[in-house]
Amino acid sequence: MKIKRMNSSGLRLLWHFIWVLLLQVLVFSGIELFGVAQPMLLALFLFTYPTDSDYSLSIFLSFLLGLVADSFADTLALNAVAMTVAAYFRPSFLRLAYGISVEYYNDSKLQGNLGQHSYFLFLLLLTHHFIFFTAEVFELSRAFVILKQLVIHLPLSFLVGWLLIQLFSLQKR
């Protein structure tokens, strides 16, 4: 019986999964800005997920990432739901941020400018946060609470996520 070796893209995907999970669980779960805002960066996994990889695998891995993060944060599968929805809409966000040409990429890296990358990250974070806080409140009559949570958490998550992406993209240059 032969054991197949994992190819480099599979190892890279596993590394991104573990990196984002450990970053969220060990680092950002302990950070609170002004005692209120906490960066929620699980959506960075979807940002770094290769464009030429399997769509259903991205949904499954996003669900799994959210579920594992929820088990550490004791958030009742809110991240799992939010990550699954964000993964579902990821192809639409790619087309929205990078244009129709994203479908013709043969490689797994996104080619775009800083504005396109920022917009794509913003859409992923907005979707994750909106679903997370809507599921947490679970009452649309309390829409102000959802909006307040979005206004508090989204800018911090975007800023930290954007800085991390810039940091790691500079290391590759």
>> Can you list the helices (runs of 4 or more DSSP H) lying wholly within region 11-101 that have 1 or more residues being loosely packed, with under 14 Cβ neighbours inside 10 Å and touching a residue at least 24 places away in the same chain (Cβ under 8 Å)?
In response: 55-73
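At pLDDT 90 or above and of a type outside the set (Val, Ile, Thr): is that true of Leu114 in this structure? Please lay out each step first, then the result.
Details: at pLDDT 90 or above: no; of a type outside the set (Val, Ile, Thr): yes.
Spelling it out, it is not the case that Leu114 is at pLDDT 90 or above and of a type outside the set (Val, Ile, Thr).
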>> Can you tell me which of (1) at pLDDT 95 or above; (2) over 17 Å from the mean Cα position of the chain (by Cα) is the one Gly35 doesn't meet?
In response: (1)
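Ser71 - would you say it is under 24 Å from His117 (Cβ atoms) and among the hydroxyl-bearing types (Ser, Thr, Tyr)? Please lay out each step first, then the result.
On the way: under 24 Å from His117 (Cβ atoms): no; among the hydroxyl-bearing types (Ser, Thr, Tyr): yes.
So Ser71 fails the test.
The values are calculated or read from the model by the stated rules, or taken from the named source; none is laboratory data. No experiment lies behind these values; they were computed from the predicted model shown. Neighbour counts are summed over all protein chains in view; Cβ atoms, including those assigned to glycine, are modelled from backbone coordinates with ideal geometry.
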